[in-house]
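The values are calculated or read from the model by the stated rules, or taken from the named source; none is laboratory data. Just so we're clear, the structure is a prediction, and the values are computed from it rather than from any experiment. All Cβ positions, even for glycine, are placed from backbone atoms using ideal geometry, and neighbour counts span all protein chains on display.
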Amino acid sequence: MNILEFANSLPDHRQEIKTRHLSTDIIFITVAAVICGVQDWEDIEYFGYCKESFLKKYLLLPNGIPSHDTFNRFFSNLDPQVMESQFRI
């Protein structure tokens, strides 16, 4: 399973009307940043901006790079057990 397949396998419980960024974009950027040693939301956002041209090869990014607050909110509302179970597949 690649990162995009993993991202698509996770449920997205956000209200569609309140979302500007695709869950696959948020997850892909976060996983890529963490693999590169990034450790906090602000630096994940910065990583996204620094690697935006690379990320656009794989992601849609219809509203650009998400903010650090968006990364924080998304993962704060994601059930860690669901994420872990998908990693084990």
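Report yes if some residue within segment 11-20 is assigned to a helix (DSSP H, G or I), surrounded by 14 or more Cβ atoms within 10 Å (Cβ to Cβ) and out of contact with any Cys (no Cβ under 6 Å at 6 or more places or on another chain); otherwise report no. No: segment 11-20 contains no residue that is assigned to a helix (DSSP H, G or I), surrounded by 14 or more Cβ atoms within 10 Å (Cβ to Cβ) and out of contact with any Cys (no Cβ under 6 Å at 6 or more places or on another chain).
Looking only at residues in segment 1-48 that are among the basic types (Lys, Arg) and modelled with pLDDT under 95, the one that is farthest from the chain's Cα centre (by Cα) is Lys18.
Conditions tested, residue by residue: (1) touching a Ser or Thr at 6+ places or on another chain (Cβ under 6 Å); (2) without any contact (Cβ under 8 Å) to a residue 12 or more places away in the chain; (3) surrounded by 15 or more Cβ atoms within 10 Å (Cβ to Cβ); (4) farther than 14 Å from Arg20 by Cβ.
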{"position": "Val38", "(1), (2), (3), (4)": "no, yes, yes, yes"}
{"position": "Ile44", "(1), (2), (3), (4)": "yes, no, yes, yes"}
{"position": "Cys50", "(1), (2), (3), (4)": "no, yes, no, yes"}
{"position": "Leu55", "(1), (2), (3), (4)": "no, no, yes, yes"}
{"position": "Leu60", "(1), (2), (3), (4)": "no, no, no, no"}
{"position": "Ile65", "(1), (2), (3), (4)": "no, no, yes, no"}
{"position": "Arg73", "(1), (2), (3), (4)": "no, yes, yes, no"}
{"position": "Ser76", "(1), (2), (3), (4)": "no, yes, no, yes"}
{"position": "Arg88", "(1), (2), (3), (4)": "no, yes, no, yes"}
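Every condition in (1) assigned to a helix (DSSP H, G or I); (2) in contact (Cβ under 8 Å) with a residue 40 or more places away in the chain; (3) within 13 Å of the chain's Cα centre (by Cα) holds for Val82 except the one numbered (3). Checking each residue in segment 1-27 for being of a type in the set (D, E, K, R) and under 15 Å from Pro80 (Cα atoms) picks out only Asp12.
Where residues in segment 21-36 are in a helix (DSSP H, G or I) and without any contact (Cβ under 8 Å) to a residue 12 or more places away in the chain, which of them is surrounded by the most Cβ atoms within 10 Å (Cβ to Cβ)?
Val34
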